[in-house]
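Below is one structure, written out as structure tokens; the observations come after it.
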Amino acid sequence: MNKPTLSLSREYLIKEYFSLSVKQRVTTTTIIMQLLNNHSNTNTLPSTVRVLKMNLPSVLQTSCYNDDNIPFHIEVKNTELGHLFEHILLEYLCQLKIAKGFRQATFSGRTRWNWIKDPKGKFHIHLTCGNKDADILPLAVKKTIA
């Protein structure tokens, strides 16, 4: 029996900041993010933690699996913007799923970049969010962009 290959694609352009290409498949979502300015790391945006504490404090408590085992509330001070986008998006996905009546929600993601092969500021974000969550992904993306 063949696996379904249905995928949904969306494009977003946030002028002067970044573009997103979102492809949602049966069990996963891939996002290609391209930054459109010189900011690629939160270390050039010192108000990042303050803004997160005001608007989405729960994201600072999310799990982060990185090479140095640094908790996300510390990692966020010096991390790539694609990685920050991933964490914010995962947090909104969980919140929206719980708002639908689920007792709990777990999504995971991984952000990769290779600025030798790709242009600087290009991120490949992979999420465990498939078609069964197609109703919440667009809203989660919009909330993350905001």
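Under the definition of Cα pairs under 8 Å and six or more residues apart, what whole-number percent is the relative contact order of the chain?
Working: 223 pairs, mean separation 38.5, N = 146.
Reported as a whole number, the value is 26 percent.
Please check: in the Gaussian network model of the chain (C-alpha springs, under 10 Å), which one of Asp118, Asp67, Asp133 has the largest mean-square fluctuation.
Largest GNM mean-square fluctuation: Asp67.
Measuring with a 1.4 Å probe in the full set of protein chains, what accessible area per residue, in whole Å², belongs to the chain? Don't jump to the answer; show the numbers that get you there.
On the way: 9130 Å² over 146 residues.
In whole numbers, the chain has 63 Å² accessible per residue.
For the range 1-71, what is the relative contact order in percent, using Cα pairs closer than 8 Å and at least 6 residues apart in sequence?
Details: 67 pairs, mean separation 12.9, N = 71.
Computed value for the range 1-71: 18 percent relative contact order.
Which entries of Lys53/Lys117; Lys77/Lys132; Lys97/Lys117; Lys122/Lys143; Lys53/Lys100 show an alpha-carbon separation above 30 angstrom in the structure shown? Before the final figure, lay out the partial values.
Numbers: Lys53/Lys117 35 Å; Lys77/Lys132 33 Å; Lys97/Lys117 36 Å; Lys122/Lys143 21 Å; Lys53/Lys100 25 Å.
Lys53/Lys117; Lys77/Lys132; Lys97/Lys117, as the Cα separations exceed 30 Å there.
Using only Cα atoms, what Kirkwood radius does the chain have, in angstroms? Write down the numbers at each step before the final one.
Details: mean 1/r = 0.0630 Å⁻¹.
In the chain this quantity evaluates to 15.9 Å.
Looking only at Arg50, Arg25, Arg112, which one moves most when the chain is put into a Gaussian network model with springs between Cα atoms under 10 Å?
Among Arg50, Arg25, Arg112, the largest GNM mean-square fluctuation belongs to Arg50.
At 0.36 nm per residue, and after removing the present C-alpha to C-alpha distance, how many nm does the segment from Arg50 to Lys23 gain when stretched out fully? Each step should come with its number before you reach the end.
Values: separation 27, 0.36 × 27 = 9.72 nm, distance 3.12 nm.
Length difference between fully extended and current span is 6.6 nm.
If you take the square roots of the eigenvalues of the alpha-carbon gyration tensor of the range 15-89 and sort them as a ≥ b ≥ c, do you get rounded (a/c under 1.5), prolate (a/b over b/c) or oblate?
On the way: a/c = 1.71, a/b = 1.20, b/c = 1.42.
The shape class here is oblate.
Give the share of C-alpha pairs in each 5 angstrom bin for the range 84-126, from 0 to the last occupied bin, in whole percents, shortest bins first.
Reading upward from the zero bin: 5, 21, 22, 16, 13, 9, 7, 5, 2.
Output wanted: per-residue J couplings in Hz (rounded whole) for the range 35-50, from phi through Karplus 6.51 cos²θ - 1.76 cosθ + 1.60, θ = phi - 60°, x for Gly and Pro.
For the range 35-50, the Karplus curve yields 6, 10, 9, 8, 7, 10, 9, 5, 5, 9, 10, x, 8, 3, 5, 4 Hz.
For the chain, build the charge dipole from Cβ charges (+1 Lys, Arg; -1 Asp, Glu) around the Cα centre, then report which of Val59, Thr144, Thr42 sits farthest towards its positive end.
Checking the options against the dipole of the chain, the answer is Thr144.
Using a Gaussian network for the chain with springs between C-alpha atoms less than 10 Å apart, which of these wobbles most: His87, His124, His39?
His39
Hey, any idea what % of the chain's accessible area is carbon plus sulfur with a 1.4 Å probe? If you can, show how the numbers build up before the last one.
Details: 4830 of 9130 Å².
On the chain, the fraction of accessible area on carbon and sulfur atoms equals 53 percent.
Work out the length of the dipole vector of the chain about its Cα centre, built from +1 on the beta-carbon of each Lys and Arg and -1 on the beta-carbon of each Asp and Glu, and round it to the nearest 20 debye. Before the final figure, lay out each step's value.
Values: 19 positive and 11 negative charges, 76 e Å.
That gives the chain a dipole magnitude of about 360 debye.
Please compute the contact order of the range 89-146 in relative form: average sequence separation of alpha-carbon pairs under 8 Å and at least six residues apart, divided by the residue count, as a percent. Each step should come with its number before you reach the end.
Working: 53 pairs, mean separation 21.7, N = 58.
Reported as a whole number, the value is 37 percent.
The values are calculated or read from the model by the stated rules, or taken from the named source; none is laboratory data. Computed from a predicted model, the values in this text were never measured in an experiment. Ideal geometry is used to build each Cβ from the backbone, glycine not excepted, and the neighbour counts take in all protein chains shown. Just the protein is used for accessible areas: all its heavy atoms, side chains included, with ligands, DNA and RNA removed. Shrake-Rupley method; radii C 1.70, N 1.55, O 1.52, S 1.80 Å.
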